[in-house]
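> Sending over a structure as structure tokens; questions will come in a sec.
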Amino acid sequence: MRRVCTGIVAALAVCLFMGQAVAEDLQVGFVYVSPVGDAGWSYAHDQGRLAVEAMDGVSTSFVEAVAEGPDSERVILNMARKGYDVIFATSFGYMDPMLKVAGQFPDTVFMHCSGFKLADNMGNYFGRMYQARYLSGMVAGAMTESNTLGYVAAFPIPEVIRGINAFTLGVRAMNPEATVRVVWTKTWYDPATEKEAAKSLLDVGADVIAQHQDSAGPQEAAQERGVYSVGYNSDMSQFAPEAHLTAPIWNWGPFYVATVEKVRSGEWQAEATWPGLAEGIVDLAPIGDMVPQEVKDQVMAKMGAIKGGERVFVGPINDQDGVLKVAEGETMSDEELLGMTWFVEGVIGTTQ
Amino acid sequence: MPGMRIIKRQEPLGWRSCLVLLVAIGFSLALGGGLLLVRGVDPVAAMGTLFVGAFGSRYGIEDSALKAIPIFLCSLGVALAFRLRVWNIGAEGQYALGAIGASWLPVAMPDLPAYLLLPSMITMAVVAGGMWGAIPAFFRQKMRTNEIIVTLMMNYIAISLLDYMVYGPWKDPASYGFPMTATFPPAAVVGKIGTTAYSWGLVHAFVLAVLIWVFTTYTRLGYEIKVGGANVRAARYAGIPYDRLVIGVMFLSGALAGWAGFLEASSTLNRLQPSIMANYGYTAIVVAWLARLNPFYIAVASFLLAGLRVGVESLQLDMQVPAAFGLIIEGLVLLSVLAGGFFTTYRVTRR
């Protein structure tokens, strides 16, 4: 019994000691919705965390696989109680829980990814992934022969719909005849379901598979059938080296480092930020060797133009039924993009 | 094994069955500690963090208790059906239906006063969850279907229905297209007790547990459940209306899961959204068996399991142990406790 007691006391002492050792560091916590080892969404954020960890005088930690809703509130609350200075929550469903906790801890900086609510000590951020998706669409549009492309998508929410639309605009910029077929999986991360969904698209003649999913399941399906694929989140070429054309990818590191730097110097202010290709928060993975050089040049030229301020959603844009939604010469505002719930012409599928 | 013999115990183990339980839990934690050691994490410090995070602080106890409520109510429900030897695998769907039923009024008529809104939300949740339980029971008795299959399949229907509601008619126009209802008005929220962090849901759970215990122990119907569970033919012979009993018990079983759905929607999420589905209905089945269908043990087991899940979050944060470790520990505890159950009914002797 005595030994057990000593053990417990020792354990507590270790905890206390650890708490003190890092007390002078700026503590930065991350909350992820899925495990970090998935090469997907949370993996990309964790790469960003590692960049923060490498800073002097900063220590980081994370909690992975946190369900949206009450679990996330408890995790965020726990971080705030333990004295974390900056907390990044990286899923849409963490927004309201984070807002609740932010009200109780005015001295902690809260950053929420992909939402829209703000408080004095809570900012939100996201990246203009649709810009990179447009470029990946250009590559896919140039490579398709059947003029049917498949898109495995998670949930019919504006972020995903916007990505499908940008991809399709890119496809049809290179190949006006092509159509993009969409299948909803209703899951962010489920390798088996994603792979099955990709196969169903292959069965209807798709010869390029794109995805808004967090596993490499669709990539593998494409490779097995000997057709092409477009990844997402991070460079997925290792999972399907022969199929992988390119991937729109996240690069959170510089943004996270800059945010933590601002907090440390006292310059941080709560705001909504939506940087894009120009700031480097989104990017295009290296384009595969199977893609002709002239296509690569075209895509790179377009990337330069977008970085220089060219917009992706510029009229004329028709919706699925051929009705003009954005008139010639007009551009869609950020509000319209954030609430986009309709498909552009060339997409086959429903937004339900 | 050669040289060994397994003999059924003549007398119940009594207080020593508690010892078996403790040994089983200790054994699984030791195995988990070994795993941590392989990863290079100090197992003693890790178990300390796990314990402090779950039960060793005021926050930990609060969080664990709140997390235990839905598991407890679902488990109480399935245990009721299991006593009758009706295998209700559908707590997940009944919970979903309860949440849907409870959300209807605050979405459709948010201006109702609390004294009307909350009771009618509970009624809707109980009726919706209860019906979702009674339907497979009706099919079982009238058409001889297998309730395991039907309740399981109805879970998927229930979850699709929930998705349909939050993606379709109930979607909050201000949510940028994300699938969720608008936040409930304050009158539809089960609040916290005074200034504590505990929600009134805890009181709901306690009162319901006492009612169920009284119902099963002291009423004629409770006795009929016991008889029906022990021997259907004897029950019918004794004049017990077995068909009605099964349908009624499944209604109650579903109603309890539905109540859990109501509490999660109202008290913890303050809205309906797909992430309300957290496998509580399936966890409940395991908890019910661990606790041998006894309401008091179910409360203890729910609290411990919830605490384990809460504590693992602290373990992740403080020691960077992967989330999968929590699932491994959970699996180890369940396996060794169930295996330990063997030693409470049998003993092993030398030949």
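Conditions tested, residue by residue: (1) of a type in the set (Phe, Trp, Tyr); (2) farther than 23 Å from A:PRO275 by Cα; (3) out of contact with any helix residue (DSSP H, G or I) (no Cβ under 6 Å at 6 or more places or on another chain).
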position	(1), (2), (3)
A:LYS307	no, no, no
A:ARG311	no, no, yes
A:GLY315	no, no, yes
A:GLY339	no, no, no
A:ILE348	no, yes, yes
A:GLN352	no, yes, yes
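> On to the next question. Looking at this structure, is A:GLY329 away from every other protein chain (no Cβ under 14 Å) and surrounded by fewer than 17 Cβ atoms within 10 Å (Cβ to Cβ)?
yes
> Return the residues of the stretch B:322-351 that are more than 10 Å from every other protein chain (Cβ to nearest Cβ) and outside any helix (DSSP H, G or I); say none if nothing qualifies.
Listed by number, the residues that qualify are B:TYR346, B:ARG347, B:VAL348, B:THR349, B:ARG350, B:ARG351.
> Name, by its number, the condition in (1) more than 22 Å from A:PRO35 (Cα to Cα); (2) in contact with a Leu (Cβ under 7 Å, 6 or more places away or on another chain) that does not hold for B:ALA288.
Of the numbered conditions (1) more than 22 Å from A:PRO35 (Cα to Cα); (2) in contact with a Leu (Cβ under 7 Å, 6 or more places away or on another chain), the odd one out for B:ALA288 is (2).
> Another one. When you look at A:MET303, is it in a helix (DSSP H, G or I) and either under 18 Å from A:ARG133 (Cβ atoms) or free of Cβ contacts under 8 Å to residues at least 40 places away in the same chain (or both), yes or no?
So A:MET303 passes the test.
> Need pairs with beta-carbon distance below 6 Å; first residue within 14 Å of chain B (Cβ to nearest Cβ) and within the stretch A:146-175, second in a helix (DSSP H, G or I) and not hydrophobic (A, V, I, L, M, F, W, C); sequence gap 6+ or separate chains.
If the second residue must be in a helix (DSSP H, G or I) and not hydrophobic (A, V, I, L, M, F, W, C), the pairs left are A:ARG162/A:TYR130; A:GLY163/A:TYR130; A:GLY163/A:ARG133.
> Follow-up question, since we're still on this one. Among the strands (runs of 3 or more DSSP E) confined wholly to the stretch A:147-256, which include 2 or more residues that are closer than 24 Å to A:LYS325 by Cβ?
Ranges flagged: A:148-153, A:179-184, A:208-212.
> Another question, if that's okay. From A:ALA247, A:ALA285, A:ALA270, A:ALA278, which residue is within 30 Å of A:SER61 (Cβ to Cβ), surrounded by fewer than 20 Cβ atoms within 10 Å (Cβ to Cβ) and either free of Cβ contacts under 8 Å to residues at least 40 places away in the same chain or among the hydrophobic types (A, V, I, L, M, F, W, C) (or both)?
Of the residues listed, the single one that is within 30 Å of A:SER61 (Cβ to Cβ), surrounded by fewer than 20 Cβ atoms within 10 Å (Cβ to Cβ) and either free of Cβ contacts under 8 Å to residues at least 40 places away in the same chain or among the hydrophobic types (A, V, I, L, M, F, W, C) (or both) is A:ALA270.
> Another question about this same structure. Run B:ALA128 past the list (1) surrounded by fewer than 22 Cβ atoms within 10 Å (Cβ to Cβ); (2) small (Gly, Ala, Ser); (3) modelled with pLDDT of 95 or more and report the number of the one that doesn't hold.
Result: B:ALA128 fails condition (1) only.
> For the stretch B:311-327, enumerate the residues that are closer than 24 Å to B:TRP289 by Cβ and surrounded by fewer than 17 Cβ atoms within 10 Å (Cβ to Cβ).
B:ALA324, B:LEU327, listed by residue number.
> Is it true that A:ASP96 is more than 21 Å from A:SER42 (Cβ to Cβ) and not in a strand (DSSP E or B)?
So A:ASP96 fails the test.
> Every residue in the stretch B:130-169 that is among the hydrophobic types (A, V, I, L, M, F, W, C) and within 14 Å of another protein chain (Cβ to nearest Cβ), please.
Passing the criteria: B:ILE159, B:LEU161, B:LEU162, B:MET165, B:VAL166.
> Only one residue in B:ALA197, B:ALA187, B:ALA174 is within 23 Å of the chain's Cα centre (by Cα), within 26 Å of A:MET95 (Cα to Cα) and of a type in the set (Gly, Ala, Ser). Which one?
B:ALA197
Residues are listed down the side, and each one gets a yes or a no for (1) within 13 Å of chain B (Cβ to nearest Cβ); (2) of a type in the set (A, V, I, L, M):
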site: A:SER72; (1), (2): yes, no
site: A:LYS82; (1), (2): yes, no
site: A:TYR94; (1), (2): yes, no
site: A:TYR125; (1), (2): no, no
site: A:GLN131; (1), (2): no, no
site: A:TYR134; (1), (2): no, no
site: A:ALA140; (1), (2): no, yes
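> Output yes when any residue across the stretch A:121-131 is within 27 Å of A:MET340 (Cα to Cα), at pLDDT 95 or above, basic (Lys, Arg) and buried (at least 23 other Cβ atoms within 10 Å of the Cβ), and no when none is.
No - not one qualifying residue is present in the stretch A:121-131.
> Got a number for residues in the stretch B:54-70 being part of a helix (DSSP H, G or I) and either among the hydroxyl-bearing types (Ser, Thr, Tyr) or within 8 Å of chain A (Cβ to nearest Cβ) (or both)?
Matching residues across the stretch B:54-70 total 5.
> Continuing with this model, one more query. Taking A:VAL208 as the residue in question, decide whether it is over 21 Å from A:TRP342 (Cα atoms), surrounded by fewer than 22 Cβ atoms within 10 Å (Cβ to Cβ) and touching a strand residue (DSSP E or B) at 6+ places or on another chain (Cβ under 7 Å).
no
> Here is a list: A:GLY322, A:GLY329, A:GLY315, A:GLY349. Which entry is more than 25 Å from the chain's Cα centre (by Cα) and under 17 Å from A:VAL180 (Cβ atoms)?
A:GLY322
> For the stretch A:253-261, indicate whether the set of residues that are at pLDDT below 95, crowded, with 24+ Cβ neighbours inside 10 Å and within 16 Å of the chain's Cα centre (by Cα) is non-empty.
Among the residues of the stretch A:253-261, not one is at pLDDT below 95, crowded, with 24+ Cβ neighbours inside 10 Å and within 16 Å of the chain's Cα centre (by Cα), which makes the answer no.
> For the stretch A:119-146, which residues satisfy the criterion of being under 18 Å from A:ALA206 (Cβ atoms) and in a helix (DSSP H, G or I)?
Once the filter is applied, which keeps residues that are under 18 Å from A:ALA206 (Cβ atoms) and in a helix (DSSP H, G or I), the stretch A:119-146 yields A:ARG133, A:SER136, A:GLY137, A:MET138, A:VAL139, A:ALA140, A:GLY141, A:ALA142, A:MET143.
The values are calculated or read from the model by the stated rules, or taken from the named source; none is laboratory data. Note that this is a predicted model, so its numbers are computed, not measured. Glycine gets a Cβ as well: all are built from the backbone with ideal geometry, and neighbour counts include every protein chain shown.
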